[in-house]
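The values are calculated or read from the model by the stated rules, or taken from the named source; none is laboratory data. No experiment lies behind these values; they were computed from the predicted model shown. Here the Cβ positions follow ideal geometry from the backbone for every residue, glycine too, while neighbour counts run over all protein chains shown.
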Amino acid sequence: MTSLFSTSDIAPKYQQSYWIEMICKSLMHLQISIQKKNDFYGEIKTDHLAYIQFSKTTADKSVVVRSKSEIAQADSQLVHLLIQQRGVSSLKQDGRMATIKPGQWVLCDTTRPSEFSIHHNRSETLVLQLDKERFKSRLGNLERFTAQPLTTAHGLGKVAASYINSTYAELNSLDEPSSIVVADSLIDLLCTNIQNSLSGAQKISESGNVMALQAKHFIEANLHEPQLTVAFVAAGLNVSKRYLHLLFEKEDTSVSRYIWDLRLQKCQQDLLSPSCRDRTITEIALSWGFKNSAHFSDLFKKKYGVSPRAYRKSCLG
């Protein structure tokens, strides 16, 4: 049975709250942040094929977050296959961020935290809501496959996309026995596509992980250098600054933030060390690449909630 919810007939001041309520009702508990102050458009049309739910959503710019608190309320384990049909979106999960363009799809495990961002107004996404156990029995640990974009432009991806589109168009004409057969075939086709397509992508990902580790070792080895910047690290590793940024974005941080956090960590360790008791706070800060004590004190207080002096006194007396 088809259900359709749209903000088009809702008074502007109630559109956003109505949309959030309908998304949570149709899919699951989610936190939604909407950029538009008013005149927000959202539409969700939901159908079913046996145990698979199809939800075609059209929405303006927004961010959809699945946090630990929402996950704790769930009584079912599901995965979402997000098929981008118009506009561009992105998915963050398991330390990766995937940009999804029309003709691409991505897998999201709803039992772990995620963030889905819609970057254009009136973006269209077809969401297939699937039982997680059916995927795990075929693919094993799903964490390897989440937030990795797959193409529907050629090969098995094109075959699977064609199968999904033709199935979606004929949902209302399939009887129950036929629906189960088609749903089982669809799951098999999707799992085969995901496994085959990401076997090569996994190697690329592993290569990126090695380079990220090299970047971290390089940063730590040069942490005392005040001129340690993104450009300095990129030149030292012989990679572009853009590539370096992408490596750290996958871990939900930035190169600069990683450098400053590591410097603060090293300073914190020295402040606690009896062997550094005779060194001044300024000496410790400068030894780890800070250019002046004021900048160090400001960052330290923001991270640890107290000044370096108060922190040292409370720990060492």
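See the values below:
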| item | result |
| --- | --- |
| Criterion: assigned by TED's automatic domain parsing to the domain that holds His29 and buried (at least 20 other Cβ atoms within 10 Å of the Cβ) - qualifying residue of Ser166, Ser114 | Ser114 |
| Among the residues listed as Glu249, Glu220, the single one being of a type in the set (D, E, K, R) and under 23 Å from Trp288 (Cα atoms) | Glu220 |
| Candidates Ser76, Ser90, Ser55 - the one that is small (Gly, Ala, Ser) and under 11 Å from Phe116 (Cα atoms) | Ser90 |
| Within the range 225-249, tally of residues that are outside any helix (DSSP H, G or I) and loosely packed, with under 14 Cβ neighbours inside 10 Å | 5 |
| Subset tally (residues that are farther than 19 Å from Ile219 by Cβ and either surrounded by 14 or more Cβ atoms within 10 Å (Cβ to Cβ) or within 34 Å of the chain's Cα centre (by Cα) (or both)) for the range 301-317 | 9 |
| Whichever residue in the range 267-292 is of a type in the set (Val, Ile, Thr) and assigned to a helix (DSSP H, G or I) and, among such residues, is surrounded by the most Cβ atoms within 10 Å (Cβ to Cβ) | Ile284 |
| Only one of Ser67, Ser17, Ser76, Ser89 that is buried (at least 16 other Cβ atoms within 10 Å of the Cβ) and in the same structural domain as Glu124 (by TED's automatic domain parsing) | Ser89 |
| Total residues in the range 37-55, condition among the acidic types (Asp, Glu) and more than 14 Å from Phe5 (Cβ to Cβ) | 1 |
| Breaking point among (1) surrounded by 12 or more Cβ atoms within 10 Å (Cβ to Cβ); (2) closer than 19 Å to Val230 by Cα, for Arg257 | (1) |
| Hits in the range 1-17 - residues which are more than 12 Å from Ile44 (Cα to Cα) and either outside any loop (DSSP other than H, G, I, E, B) or of a type in the set (D, E, K, R) (or both) | Asp9, Pro12, Lys13, Tyr14, Gln15, Gln16, Ser17 |
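Conditions (1) modelled with pLDDT of 90 or more; (2) in contact with a helix residue (DSSP H, G or I) (Cβ under 8 Å, 6 or more places away or on another chain), marked per residue:
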{"position": "Pro102", "(1), (2)": "yes, no"}
{"position": "Thr110", "(1), (2)": "yes, yes"}
{"position": "Pro113", "(1), (2)": "yes, yes"}
{"position": "Gln129", "(1), (2)": "yes, no"}
{"position": "Phe135", "(1), (2)": "no, yes"}
{"position": "Leu139", "(1), (2)": "no, yes"}
{"position": "Glu143", "(1), (2)": "no, no"}
{"position": "Gln148", "(1), (2)": "no, yes"}
{"position": "Thr152", "(1), (2)": "no, yes"}
